[in-house]
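Data first, discussion second: the structure below is written as structure tokens.
What follows is calculated from the coordinates using simple rules that are stated; it is not laboratory data. As the structure is a prediction and not an experimental result, all values here were calculated from the model. FYI the Cβ positions are ideal-geometry reconstructions off the backbone, even for glycines, and counts take in every protein chain you see.
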Amino acid sequence: MAFELTSSAFKAGDTIPRKYTCDGADVSPPLTWADPPAGTAGFALVTDDPDAPVGTWVHWVLYDLPAAARVLPEGVPGEATLKDGSRQGTNDFRKIGYGGPCPPRGTPHRYFFKLYALDAALDLAPGATKQALVKAMEGRLKGQAELMGRYGR
């Protein structure tokens with residue numbers, strides 16, 4: 001089996017349901033993963049939209065997920081530090097936690113949920129940006145799983 005990221009809310013390449021967007025409840029979708037690489041000590045997640053008119057738009061930054069984690073439930077709270085010790089960063093809406101798809105009218109955008117398996121916990125305070133996370137992950141990556149969904153208005 002391969003390291004894989006899935007959601008019970010939508011299949012890879014399909015439309016992300018309105019509930020998980022700014023046009024709905026704007027809650028994070030449920031995510032599940034399996035078979036991380038051997039030696040994984042924790043996970044990080046970045047969700048972004050490379051089709052945004054201003055360049056790649058970051059919707060979610062989450063890190064220091066425990067190595068035993070295999071699921072993120074629907075509606076992860078927008079708190080800097082979660083009960084399991086995971087930390088959330090600042091998205092491009094300038095908020096902590098998840099900010100759902102909210103594209104301008106026109107062609108649907110692609111939203112990539114990227115889960116990174118890491119060999120160690122990261123020394124990042126809550127509220128870090130994607131750029132800070134990417135820098136902290138340098139040399140620590142054991143594997144990556146990805147799920148892409150689409151949303152348009």
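Structure above, values below:
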quantity: Other-chain or far-sequence residues with amide H under 5 Å of GLY75's (modelled H); calculated: SER28
quantity: Amide H partners (placed H, <5 Å) of THR90, local residues excluded; calculated: GLY127, ALA128, THR129
quantity: The stretch 4-148 - percent relative contact order, Cα under 8 Å, separation 6 or more; calculated: 28 percent
quantity: Segment PHE93-LYS11, length gained on full extension (0.36 nm per residue, minus Cα span); calculated: 27.0 nm
quantity: Kirkwood hydrodynamic radius (C-alpha pairs) into Stokes-Einstein, the chain, 4 °C and 1.567 mPa s, D in µm²/s; calculated: 84 µm²/s
quantity: CD proxy at 222 nm, helix term only [per DSSP H run n ≥ 4: -39500 (n - 2.57); per residue of the chain; nearest 500]; calculated: -1500 deg cm²/dmol
quantity: Nearby aspartates and glutamates by direct alpha-carbon distance to LYS130 (threshold 13 angstrom, same-chain neighbours under 8 apart not counted); calculated: ASP48, ASP49, ASP92, GLU138
quantity: Vicinal HN-Hα couplings computed from phi for the stretch 54-59 (Karplus, 6.51 cos²θ - 1.76 cosθ + 1.60; Hz; Gly/Pro x); calculated: 9, x, 4, 9, 8, 9
quantity: Karplus-derived 3J(HN,Hα), 6.51/-1.76/1.60, for each residue of the stretch 28-35, Hz, glycine and proline x; calculated: 5, x, x, 10, 9, 9, 9, 6
quantity: Separation of the ALA52 and GLN144 label points, Cα + 7 Å toward Cβ, nm; calculated: 1.8 nm
quantity: Fully extended contour minus Cα-Cα distance, from ASP84 to ARG18, at 0.36 nm per residue; calculated: 21.0 nm
quantity: For LYS11, LYS83, order by how many other beta-carbon atoms lie within 10 Å, fewest first; calculated: LYS83, LYS11
quantity: Sorted by Cβ density within 10 Å, fewest first, the residues ASP35, ASP64, ASP84; calculated: ASP84, ASP35, ASP64
